[in-house]
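Below is one structure, written out as structure tokens; comments come after it.
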There are 2 protein chains.
Amino acid sequence: MLVTSFEEKLDPRVKRTRKLLTDAFEELVQEKSLHAITVQDIAERATVNRATFYAHFDDKYALMDHLVASSYRETVKNKLADACGFSHENLALLIEATCEFLSRYTSSCHPSDEKYRPLIETQIQAQIKGLLSRWLEEHTNENGPSNIDIEITSTVYSWAIFGAGMQWAQHSNGSTLEDYSADVVSLILDGAPVP
Amino acid sequence: MLVTSFEEKLDPRVKRTRKLLTDAFEELVQEKSLHAITVQDIAERATVNRATFYAHFDDKYALMDHLVASSYRETVKNKLADACGFSHENLALLIEATCEFLSRYTSSCHPSDEKYRPLIETQIQAQIKGLLSRWLEEHTNENGPSNIDIEITSTVYSWAIFGAGMQWAQHSNGSTLEDYSADVVSLILDGAPVP
DNA sequence: ACAGTATAGCAACATTTGTTGCTTTGTCAA
DNA sequence: TTGACAAAGCAACAAATGTTGCTATACTGT
């Protein structure tokens with residue numbers, strides 16, 4: 001049910017089954033909307049018994065969630081490489097990565113799936129929060145504890161960044177991504193434009 | 001399918017059916033988890049044909065969404081009354097309203113429904129954004145256009161506020177709601193604690 | 001009051017879902 | 001190598017879903 005996120009030593013059978021399932025699913029997603037895809041479809045295409053599907057994922061959304069999560073993780077890892085620390089630059093990079101990812105995801109998403117997107121997307125916010133937490137922890141170690149709780153800060157900022165990404169993905173205005181992320185960073189770090 | 005949000009003059013039959021459905025649903029929600037509730041249940045309890053349910057809502061989540069949306073609208077209306085304008089005070093009120101609402105909602109929510117919460121909750125962000133937009137528009141009229149797009153500002157802030165509410169609802173720390181909202185407001189308006 | 005129209009009820013349908021008990025097969029370690 | 005164990009296959013299930021074509025009923029404006 002819970003797909004172990006670390007690639008632990010895994011029974012080769014489950015490895016094989018999961019690969020079959022995810023491969024089949026990725027194929028299907030290219031072909032039709034998530035809404036139109038059934039667990040039947042996936043199992044059939046994967047040549048895996050349907051009951052076995054349920055041994056690995058709760059439903060198709062869980063599978064989608066898993067794929068999106070690891071894909072985003074990958075995107076962030078590439079863009080941020082070793083970047084680690086709470087700074088304008090890193091925030092900008094993180095925002096850009098998020099915008100790019102959500103943009104790609106949105107355009108690969110059939111309109112009929114609109115309704116169920118939050119189900120898959122909100123875990124991205126959780127990842128952002130994790131990242132920010134680590135950055136802030138480190139930052140705190142250097143400069144002494146900040147006056148506002150790290151928990152609150154990372155939560156609020158992660159949602160803000162996630163939201164900025166969603167906004168970009170859905171109505172990317174004329175501006176460049178760099179300008180956009182700069183605006184967002186300044187909005188977040190420097191505060192309100194009209195306080 | 002789309003439940004008209006304004007109480008337009010509606011065919012009394014439609015009104016009746018919707019009331020029957022929502023009443024039945026509200027009863028059921030008290031009794032078991034959303035996950036465990038079926039469309040069958042709802043239709044049966046409402047003494048409405050199941051096919052008729054589908055003429056009004058896509059699925060049980062759409063119904064839940066509808067109820068949560070109007071409930072939140074109500075909450076905000078009460079708390080903010082005529083408050084209208086982009087200010088520290090109003091932001092604080094909005095945040096408190098959101099925290100209270102999400103807190104109530106969370107505690108009334110069976111743990112087995114965790115997975116599907118984003119489906120219902122994210123439309124709250126949309127409401128917040130609408131509110132902020134109006135506030136900022138008005139503010140702009142007074143003080144000339146701000147340097148950062150209202151669209152971006154309202155989006156980012158609305159997600160930030162929504163996130164703050166979620167955080168409060170799930171791990172309400174020891175502090176009072178007033179302190180919490182003050183922290184969040186200052187985080188949002190005054191910028192990063194460690195810039 | 002009535003005719004036209006919109007909505008609800010009803011019954012039936014093919015499908016999908018989620019789960020179960022049991023069997024078979026693959027894996028790992030002693 | 002073999003024996004214990006974990007995972008996958010299989011078949012069958014009751015139940016829920018989403019949709020359809022048709023009938024009956026309630027509303028609306030003229």
Compute the accessible area per residue over the protein assembly as shown, keeping the other protein chains in place, probe 1.4 Å, unit Å².
49 Å²
Once every DSSP H run of n ≥ 4 in chain B is given -39500 (n - 2.57) and the sum is divided by its residues, what mean residue ellipticity at 222 nm do you get, rounded to the nearest 500 deg cm²/dmol?
-23500 deg cm²/dmol
Please name whichever of B:Pro118, B:Thr98, B:Trp159 sits farthest to the positive end of the charge dipole of chain B, dipole taken about the Cα centre and charges placed at Cβ: Lys and Arg +1, Asp and Glu -1.
B:Pro118
Residue-count net charge about B:Glu121 - beta-carbon cut-off 15 Å; Lys, Arg +1, Asp, Glu -1
+2
Could you run the numbers on buried accessible area between A and B, total for both chains, 1.4 angstrom probe, in Å² to the nearest 100?
3500 Å²
Can you list the distances in nanometres, one decimal and ascending, from the A:Glu31 label point to the identical position in each other copy, with the point 7 Å along Cα to Cβ?
4.2
Using θ = phi - 60° and the Karplus relation 6.51 cos²θ - 1.76 cosθ + 1.60, list the HN-Hα couplings for region B:55-70 in order, rounded to whole Hz, with x at every Gly or Pro.
6, 10, 9, 5, 6, 5, 5, 4, 5, 4, 4, 4, 5, 4, 4, 6
Roughly how big is region B:11-60's charge dipole about its Cα centre, with Cβ charges of +1 (Lys, Arg) and -1 (Asp, Glu), in debye to the nearest 20?
220 debye
Using θ = phi - 60° and the Karplus curve 6.51 cos²θ - 1.76 cosθ + 1.60, what whole-Hz ³J(HN,Hα) does each residue of region B:32-44 get, with Gly and Pro shown as x?
8, 5, 3, 4, 7, 7, 10, 4, 3, 3, 4, 4, 4
Using a 1.4 Å probe on the protein chains only, how many percent of the accessible area of chain B belongs to carbon and sulfur?
52 percent
From other protein chains only, count the Cβ atoms within 10 Å of every residue's Cβ in A:163-175, then give the mean.
3
Using θ = phi - 60° and the Karplus form 6.51 cos²θ - 1.76 cosθ + 1.60, what ³J(HN,Hα) does each residue of region B:110-124 get, whole Hz, x for Gly and Pro?
4, x, 6, 9, 2, 4, 9, 4, x, 4, 8, 7, 5, 5, 5
If you fit an axis through the alpha-carbon atoms of helix B:12-31 and take the longest principal axis of the Cα set of chain B, what angle between them do you get, 0 to 90°, nearest 10?
80 degrees
Which of A:Lys60/B:Lys129; A:Lys115/B:Lys15; A:Lys32/B:Lys115 have a Cα-Cα distance over 28 Å?
A:Lys60/B:Lys129
Over all directions, what mean area does the Cα convex hull of region B:61-189 project, stated in square nanometres?
8.0 nm²
Label point 7 Å beyond Cα along the C-beta direction, distances from A:Glu114 to other copies (nm, shortest first):
3.1
Place the label 7 angstrom along Cα→C-beta at B:Thr140 and in each other copy, then list the distances from the first to the rest in nm, shortest first.
3.8
Under a GNM of chain B (C-alpha, springs under 10 Å), which listed residue has the highest mean-square fluctuation: B:His56, B:His110, B:His171?
B:His171
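The values are calculated or read from the model by the stated rules, or taken from the named source; none is laboratory data. It should be emphasised that the depicted structure is a prediction, and the values quoted were computed from it without experimental measurement. Neighbour counts run over all protein chains shown; Cβ positions are idealised from the backbone, glycine included. Only protein heavy atoms, including side chains, enter the accessible area calculation; ligands, DNA and RNA are left aside. Shrake-Rupley method; radii C 1.70, N 1.55, O 1.52, S 1.80 Å.
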